[in-house]
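Below is one structure; the comments refer to it alone.
The values are calculated or read from the model by the stated rules, or taken from the named source; none is laboratory data. It should be emphasised that the depicted structure is a prediction, and the values quoted were computed from it without experimental measurement. Virtual Cβ from ideal backbone geometry, glycine too; neighbours counted across all protein chains shown. Accessible surface areas use protein heavy atoms only, side chains included; no ligands, DNA or RNA. Shrake-Rupley method; radii C 1.70, N 1.55, O 1.52, S 1.80 Å.
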Amino acid sequence: MDKSTILVDLEFGMSQLSGNKKLLFTLLGKFTDEYRNLDANLQALMDKEQYDDAYSLMHTLKGVTGNLGLFALHNDSKQIESAIRNEQQLPDNYPQFVALLNDTVAEIDSVTAEPAVSETQTNVTNNVTNSAAAERAEKQLVAALKASEFISQTTLDEWLNAMNLSDEKRAAIIEAVDELDYEEALATLDVK
């Protein structure tokens with residue numbers, strides 16, 4: 001399938017955000033909030049002959065849609081952006097672009113709506129996600145410790161939170177890192 005016709009590619013969007021579906025849905029929600037009224041905003045800028053602002057609006061839309069996997073809108077926004085920049089007008093196919101924008105917003109609203117899933121499904125999904133996040137966090141922490149890298153408290157907290165360690169083990173690792181005793185921190189993690 002030609003990617004340029006895909007309204008919302010969740011798989012691509014999640015790949016851009018290290019698999020963080022919650023963040024993707026947050027960004028998609030912000031996208032719909034910001035661009036739901038794009039047509040009215042763009043028309044107003046064009047009517048006021050504020051072509052630089054209109055171009056900037058379309059240029060930003062093009063970038064955001066490309067990063068979030070909104071490929072059909074990304075593809076169509078290129079022509080609108082080009083017409084504003086080069087001809088200081090909206091092209092003849094602008095109404096189709098607006099229809100595509102509305103379809104994309106509707107699709108995002110549909111995709112990001114809270115699905116009715118069973119508690120068992122949610123627990124299984126969360127356990128798989130948490131397990132992968134814990135494994136990734138531990139690998140990052142071990143790599144940083146072995147390389148004797150500086151680890152900020154925020155980063156350390158993020159990794160330790162993901163790893164779900166006992167309070168004692170967590171406290172021991174924090175103390176070892178604070179003392180720059182990375183060997184002790186590795187030993188606490190049972191890493192040789």
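Restricting Asn86, Asn41, Asn75 to residues that are open to solvent by less than 70 Å² (accessible area, probe 1.4 Å), assigned to a helix (DSSP H, G or I), of a type outside the set (Phe, Trp, Tyr) and modelled with pLDDT of 90 or more narrows the list to Asn75.
So which residues in region 162-176 are more than 12 Å from Val142 (Cβ to Cβ) and touching a residue at least 24 places away in the same chain (Cβ under 8 Å), if there are any at all? Steps first, please.
First pass over region 162-176, keeping only residues more than 12 Å from Val142 (Cβ to Cβ): 162, 164-172, 174-176.
The answer is Ala162, Asn164.
If you go through region 14-28 and keep only what is surrounded by 13 or more Cβ atoms within 10 Å (Cβ to Cβ) and either small (Gly, Ala, Ser) or more than 14 Å from the chain's Cα centre (by Cα) (or both), you end up with just Gly19.
Tell me the residue from Phe31, Phe97 that is within 15 Å of the chain's Cα centre (by Cα) and either at pLDDT 90 or above or open to solvent by 60 Å² or more (accessible area, probe 1.4 Å) (or both), please.
Phe31
For Ser18, the criteria (1) of a type outside the set (D, E, K, R); (2) within 30 Å of Ser131 (Cβ to Cβ); (3) assigned to a helix (DSSP H, G or I) hold in every case but one, which is (3). For region 129-185, the tally of residues that are open to solvent by 90 Å² or more (accessible area, probe 1.4 Å) and aliphatic (A, V, I, L, M) stands at 1. Considering (1) within 30 Å of Ala133 (Cα to Cα); (2) open to solvent by 70 Å² or more (accessible area, probe 1.4 Å), the lone condition that Asp47 does not fulfil carries the number (1). Please work out if Gly66 is over 13 Å from Val105 (Cα atoms), within 13 Å of the chain's Cα centre (by Cα), at pLDDT below 90 and not hydrophobic (A, V, I, L, M, F, W, C). Criteria not met by Gly66.
Considering every residue within region 5-13, establish whether at least one is at pLDDT below 95, closer than 30 Å to Ser131 by Cα and surrounded by fewer than 14 Cβ atoms within 10 Å (Cβ to Cβ).
For region 5-13, residues at pLDDT below 95, closer than 30 Å to Ser131 by Cα and surrounded by fewer than 14 Cβ atoms within 10 Å (Cβ to Cβ): present.
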